[in-house]
């Protein structure tokens, strides 16, 4: 007979995260770049106090447990307070991606039944265009003080955040409830059909945030200053706003200025040691650093995800600037990171080039999540680093279904990701491509990700993308898109010759298209669907 453990059973709740930060790291700074420009500084203790004031304010607006509160906002201190006040009160924090099309925003606000919408003043024009189409929203709250409310004139039912919370007490008794209660809601980018909602539980978020503090993941501790460049409207900024107060790390929020110059200046002035974001962010940062002959004085490591980061860029960060890159993988449906690359003692015996190639993979699964790959019939494939199949995932922070969805996406308890991957004998996973992006030529597969990474190794290439174009003989053939670095010259023949030395001959693209910029979506990913619409005809 199994013996029950004699341990307390306390729920894992988001309110406990900020109260832990306030109690144990109450004097640790949160630095926020305001939407209107200057830096704002306060502590975790002050953040907790203002979160409690907001919790009171939301109740005064008639909201109850289970109500949804939306946000259209950058990474800043008021948005952070909402993270804790909304979920801590038993309500659902619904972060909306402002880069979505207006019709998609209207859809998700109405689908989530947001009762209150929080928004930054910079998004006032967007709010003016959608407010009339969101009838269930009782009030629109501008995340601002009175002095910066002028931008929202013309929007009805607008409240000022600072005036809203001002009269309320800094004391609030956070309710206790089941840790499986919904805490935060995030919608997919909706590239096909309407966006779908992932409703994260308190348990999922807290467990994932705790894992982010582990040495092999983000390794957040009181010795670190972390800057999440990944937006708080994109999968909860990969749970970093929750992980930082758990680990006691100083937290720097970058606001709306995410260009290379602004990020570098913030990293240097605030002595940032850890950061996280998508590859396009790091491309812009590296271009700024190289063009101006700059160095990083405090940065030690950065996490990257969302899409593949080329090994050449990983090498530049590591070899030229001493910044360790850790490549992770996750998606809206997995709360945050589910795998992470981190060099092991065995990896440290490899050459630098081999180490960079290892980091370019998406790494080992985080404890709390399991991964496998399957063939088209659903049979599990071997972990040999060669066999390719669809990546499947299950674990403590993986969705079981979509919000208000009518059927579960799970297959025998596993979530099918739509990614094609390999897993080697050491458990290291590598995304080979999205199932919809892999190029099938003559019965064989070509990885668009591997081709893009190879092209990015050319010193004149700033960005690269590859799509499959229909071909009368080979089914599909790769077409390469290149964005040149400023002031650099490179032509078709040079790029193709460069690739001939680095990939199999039959992988070499049939043609190269040079663009001033690649189409990038709301989460920083290249929109290959847009490229296919314009260029995906038939190769002659």
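So how tilted is helix 77-88 from the main axis of the chain? Cα-based, degrees 0 to 90, rounded to 10.
70
Enter the Cα centre distance for the pair segment 131-193 and segment 272-305, rounded to the nearest angstrom.
For segment 131-193 versus segment 272-305, the Cα centre distance is 32 Å.
Would you calculate the separation in nanometres between label points at residue 307 and residue 36, each defined as 7 Å from the Cα along the Cα-to-beta-carbon direction?
Taking the simple label geometry, residue 307 and residue 36 are separated by 3.6 nm.
222 nm [θ] for the chain, helices only, -39500 (n - 2.57) per DSSP H run of 4+, per residue, to 500?
For the chain, the value works out to -8000 deg cm²/dmol.
Based on the mean of other Cβ atoms within 10 Å per residue, sort peptides 406-418, 321-333, 77-89, 15-27 so the most packed one is first.
Going from most to least packed, we get 77-89, 321-333, 15-27, 406-418.
Please list, by residue number, everything in segment 482-511 whose backbone N is under 13 Å from a paramagnetic label point 7 Å out along Cα→Cβ of residue 357.
Inside the label zone: 502-504.
Beta carbons within 10 angstrom, averaged per residue: use that to sort the peptides 45-54, 466-475, highest first.
45-54, 466-475
Could you pull out which residues in segment 273-309 have an amide N less than 20 Å from a spot 7 Å beyond the Cα of residue 434, following the Cα-Cβ vector?
Hits in segment 273-309 for residue 434 at 20 Å: 277-283, 304-309.
I need to check one value: relative contact order of the chain, counting alpha carbon pairs closer than 8 Å and at least 6 residues apart, in percent.
Once normalised by length, the contact order is 10 percent.
Just to be sure I understand the model, the point goes 7 Å from the Cα along the line to the Cβ. What's the resulting residue 294 to residue 343 distance in nm?
2.5
How much FRET efficiency would the formula 1/(1 + (r/R0)^6) give for residue 177 and residue 257, where r is the Cβ-Cβ distance and R0 is 51 Å, rounded to 0.05?
So the FRET efficiency works out to roughly 0.85.
Ranked highest first by average number of other Cβ atoms within 10 Å, how do 302-312, 215-225 line up?
So the peptides 302-312, 215-225, ranked by packing, come out 302-312, 215-225.
Given axes a ≥ b ≥ c from the Cα gyration tensor, I'd like to know whether segment 223-319 is rounded (a/c under 1.5), prolate (a/b larger than b/c) or oblate.
prolate
Calculate, for residue 145 and residue 214, the FRET efficiency according to 1/(1 + (r/R0)^6) with r their C-beta to C-beta distance and R0 51 Å; round to the nearest 0.05.
Given R0 = 51 Å and the Cβ-Cβ separation, E is 0.85.
Throughout, read-outs are computed from the coordinates displayed, never taken from laboratory work. Just so we're clear, the structure is a prediction, and the values are computed from it rather than from any experiment. Please note: Cβ atoms are built from the backbone with ideal geometry, for glycine as well, and neighbour counts cover all protein chains shown.
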